[in-house]
Amino acid sequence: MPRWSKIVIGVAVVLVVTIGVGVAIVWSKLPELVADRASKATGRAVQIGALTLSPGRWVGVELHDASIANLPGGTRPQMATLGSLTGEVELWPLLHGTVVARAVQVQKADILLEKVGEQPNWRNGPKKPEKPGGGRASFPTILDAVLDGAVTFRTSGGSALTTRLDQVKLEAAAADQPARVTGPGSYHGAPVVMDLKLGSYDQLHDVATPFPTDITLTSGDTVLHFIGTMTKPLDVDGADGHLSLLAPAPEPLEKIAGIDPTPAPKLRLEGAFQHDADLWKLEQAKGALGEAELEDGTLALQEGSTTPPKTPDKIDLALWFARIDADRLMAEFKSGSGGGDDKGSGFVPEAEPNPQVTAKLEAAELSYDKIRLTRLKLSAAIEPKLIKLDEMSFGALGGTVRLDGRIEAEADGKSGAVSATVSGTGLEVAELRQALGAGHLPLTGRVDLHAVAEGVGHSAAAALKAGRASVVATMAGGSVSAQIVKLASTDVTGLLTSSRTMVGLDCLLAVAEVRGGVAFVGPLRLRSGDGTVVARGRVDLLGKALDVTVASESATTGALALDVPVRVSGSFDDPTIRPAGATAGRAALAGGSAAAPLRAYAQRSSCAR
């Protein structure tokens, strides 16, 4: 062998030995080198227990016991920990900055996402300009993977929302073939089975085209399904498609929402769904709440901000139902808490309610406590220091009822000031009597009612007890018992008149002030062909009792009428009727008109003249 050949071989041996020794040294320090590089890049302490690379066209990767530190002041020292990660990365695409991986297995991953002060722990320093499509263009192509671990998001209120993946599988035959994610997991402790049929990785990397998604989440009998597209699929954002939800029992939804289990009706809902940044919206919604069929609706949630200036969540609802059985629905919503009004719970408006709510409701028919309402329309809102009912109208009792009201928080924040107005036109007296639970009324026809009410208290019961209302009732036409008119005028022919004999009613005017559930009537004037009757007194609406003095106007009655005032007292069902005495009776009837806020309504009646 030539001498130069021996020299070359010797040099080669020395180089190989030297390189081998150097590689061995570097290889043994690889976990430290990678951890140090990652720590400098993230600004956090990164630790790696073990890291092994296997060279080849597909580079094998095996990582164990890794962690990244949380921000100072976080709820725990580590933002993320990882038991192990194994897989293979294709070499040549990696040289061009593209990651293609296969046979990936992630075990015991535990990630915590939270804000420390106003700084999100998943971000280093100031917010950087957002990448197109939320970074989907650079997302690795992972052909198959098995994922096991948990991601916990801690809200600004301190609640921990945890999503678990239990050996969830991700599969894609190639970069240009559809991907699929399947397997069991849980959210907030509720078991969830997922089946995600997704577009290909090529479609994912094309930020100019919305990414096709077909998502089914199942928890017990509850099924949530979305089919459509997303512009930012990694953030589950930019969604546009069709959403359906079927929840035969409330427990899975209650567990997912983190609320205590309570009886609730079954829910079926579907419609056109959109999610864009902080806005979630379901339009053209159809379905059912219990047995109440939803014909059309819009449900929108505008998420608020937890960073200054802070803003609350805002919910906007517009729902149109065919028929609502309120008794059945309320029975299904039983909470068993009780006593809320006595404690003032939910009565006094919050200074900063979260969420704020605007709601519109329409129903062709609503039944409640044997009352049937038709053409129901309702518009209400919850705002800072205010709960308001802008409008509520419906057909009932043969006529139409309209009301509005509001509850405003007092300066002390412990009491609420209530004000309301109510008007009813064309109400059938017989149906009104039945709704109030009153006994037989010797009156037929239609009545118009107008009322205003106000009160202040720490609860609804307290406001009702301390509040007052003014009421005006008027009738034009109808009929009244001839016997009642004659008896009120102490006409002896009334003893010979049948209680079923009715005479035409020209007009009726009743004015009352209501305080603590007691109506102080004055005056009540009734004019018929047999005479004019005037009454004044008190009616206990809660106790269903009355004490009223009644008299006739002598100029309007017959020759046999004595026109002696009569006192009617006792229960609605069985009142006592006896003479009041001329002097005492007329004194009881004296006094001015009440219900000053509604004087204009009273003056429209011909009985006021």
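The values are calculated or read from the model by the stated rules, or taken from the named source; none is laboratory data. Because the structure is a prediction, the values reported are computed rather than measured. Cβ coordinates were reconstructed from backbone atoms using ideal geometry, including for glycine residues, and neighbour counts include every protein chain displayed.
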Worksheet item: Which pairs have Cβ atoms under 6 Å, sit 6 or more apart or on different chains, and link a residue in segment 359-378 that is among the acidic types (Asp, Glu) to one that is part of a strand (DSSP E or B)?
Response: GLU362/TRP320; GLU362/LYS377; GLU365/ARG323; GLU365/THR374
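Per-residue answers, yes or no, for (1) more than 24 Å from LYS232 (Cα to Cα); (2) surrounded by fewer than 15 Cβ atoms within 10 Å (Cβ to Cβ):
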residue	(1), (2)
TRP58	yes, no
SER67	yes, no
THR86	yes, no
ALA101	no, no
LYS115	no, no
PRO120	no, yes
ALA137	no, yes
Item to complete: Select from segment 175-200 the residues that are closer than 14 Å to ALA150 by Cβ and among the hydroxyl-bearing types (Ser, Thr, Tyr) and write down the one among them that is farthest from the chain's Cα centre (by Cα).
Response: SER186
Fill in: Candidate set: segment 206-232, residues that are more than 27 Å from the chain's Cα centre (by Cα) and hydrophobic (A, V, I, L, M, F, W, C); chosen: the one surrounded by the fewest Cβ atoms within 10 Å (Cβ to Cβ)
ALA208
Worksheet item: Within the set of pairs 6 or more residues apart or between chains, which connect a residue that is over 13 Å from ALA239 (Cβ atoms) inside segment 273-300 to a residue that is basic (Lys, Arg) with Cβ atoms less than 6 Å apart?
Response: GLY287/ARG268; ALA288/ARG268; LEU294/LYS286; ALA300/LYS281
Worksheet, complete the sentence: Filter segment 422-445 for residues that are assigned to a strand (DSSP E or B) and in contact with a helix residue (DSSP H, G or I) (Cβ under 7 Å, 6 or more places away or on another chain); the one that is nearest to GLY398 (Cα to Cα) is THR444
Worksheet item: Of (1) under 29 Å from GLU118 (Cβ atoms); (2) free of Cβ contacts under 8 Å to residues at least 60 places away in the same chain, ASP237 satisfies all except one. Which?
Response: (2)
Item to complete: Any chance you could count how many residues in segment 292-319 are acidic (Asp, Glu) and touching a strand residue (DSSP E or B) at 6+ places or on another chain (Cβ under 6 Å)?
Response: 4
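Among the residues of segment 169-177, is there at least one that is outside any strand (DSSP E or B), of a type in the set (S, T, N, Q) and within 28 Å of THR98 (Cβ to Cβ)? Break it down into steps so the answer makes sense when it comes.
First, pick out the residues of segment 169-177 that are outside any strand (DSSP E or B): 173-177.
Going one step further and asking which of them are of a type in the set (S, T, N, Q), we end up with 177.
After this cut, where a residue has to be within 28 Å of THR98 (Cβ to Cβ) as well, the list is 177.
Scanning segment 169-177, I find at least one residue that is outside any strand (DSSP E or B), of a type in the set (S, T, N, Q) and within 28 Å of THR98 (Cβ to Cβ), so the answer is yes.
Okay, residues lined up against (1) closer than 23 Å to GLU352 by Cα; (2) within 18 Å of the chain's Cα centre (by Cα); (3) modelled with pLDDT under 80:
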| residue | (1), (2), (3) |
| --- | --- |
| ALA292 | no, yes, no |
| ALA300 | yes, yes, no |
| GLY304 | yes, yes, no |
| PRO308 | yes, no, yes |
| PRO312 | yes, yes, no |
| LEU319 | no, yes, no |
| ALA322 | no, no, no |
| LEU329 | no, yes, yes |
Worksheet item: Considering segment 54-79 alone, what residues qualify as being among the aliphatic types (A, V, I, L, M) and more than 24 Å from LEU143 (Cβ to Cβ)?
Response: ILE68, ALA69, LEU71, MET79
Practice prompt. Confirm whether LEU113 is at pLDDT 85 or above, outside the structural domain of GLY304 (by TED's automatic domain parsing) and of a type outside the set (S, T, N, Q).
Written response: yes
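Quick one: in segment 238-267, which of the residues that are closer than 30 Å to ARG136 by Cα and at pLDDT below 90 is surrounded by the fewest Cβ atoms within 10 Å (Cβ to Cβ)?
Within segment 238-267, the first condition is being closer than 30 Å to ARG136 by Cα, and the residues that meet it are 238-245, 256-257.
Add one more test, that the residue is at pLDDT below 90, and what stays is 256-257.
On the way: ILE256: 19, ALA257: 12.
Looking at the filtered set, the residue picked out is ALA257.
Can you pull out the residues in segment 371-396 that are closer than 30 Å to GLY445 by Cβ and touching a Lys or Arg at 6+ places or on another chain (Cβ under 9 Å)? Give the steps one after another, and end with the answer.
Filtering segment 371-396 for residues closer than 30 Å to GLY445 by Cβ gives 371-378, 389, 391-396.
LYS377, LEU378, LEU389, GLU391, MET392, SER393, PHE394, GLY395, ALA396 - these are the residues of segment 371-396 that are closer than 30 Å to GLY445 by Cβ and touching a Lys or Arg at 6+ places or on another chain (Cβ under 9 Å).
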Practice prompt. Identify, by number, the condition in (1) of a type in the set (S, T, N, Q); (2) modelled with pLDDT of 90 or more; (3) out of contact with any Pro (no Cβ under 8 Å at 6 or more places or on another chain) that ASN70 doesn't meet.
Written response: (3)
Fill in: LEU366 vs. criteria modelled with pLDDT of 90 or more, of a type in the set (A, V, I, L, M, F, W, C) and touching a Lys or Arg at 6+ places or on another chain (Cβ under 8 Å)
yes
Worksheet, complete the sentence: Every listed condition ((1) under 29 Å from PRO384 (Cβ atoms); (2) buried (at least 18 other Cβ atoms within 10 Å of the Cβ); (3) small (Gly, Ala, Ser)) holds for GLY271 save (1)
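Select from segment 18-41 the residues that are at pLDDT 80 or above, among the small types (Gly, Ala, Ser) and surrounded by fewer than 13 Cβ atoms within 10 Å (Cβ to Cβ) and list them in ascending order.
Step one: filter segment 18-41 for residues at pLDDT 80 or above, giving 30-41.
If we keep only those that are among the small types (Gly, Ala, Ser) as well, we get 35, 38-39, 41.
Correct list: ALA41 only.
Looking at segment 557-581, which of the residues that are under 24 Å from VAL472 (Cα atoms), surrounded by 15 or more Cβ atoms within 10 Å (Cβ to Cβ) and not aromatic (Phe, Trp, Tyr) is modelled with the highest pLDDT? Give the steps one after another, and end with the answer.
Within segment 557-581, the subset under 24 Å from VAL472 (Cα atoms) is 565-573, 575.
Now drop any that are not surrounded by 15 or more Cβ atoms within 10 Å (Cβ to Cβ), which leaves 565-569, 572, 575.
Now narrow it down to the ones that are not aromatic (Phe, Trp, Tyr): 565-569, 575.
Working: PRO565: 75, VAL566: 75, ARG567: 79, VAL568: 81, SER569: 85, PRO575: 82.
This residue is SER569.
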Worksheet entry | Check on GLY83, on the phi > 0 side of the Ramachandran plot and touching a residue at least 24 places away in the same chain (Cβ under 8 Å) | no
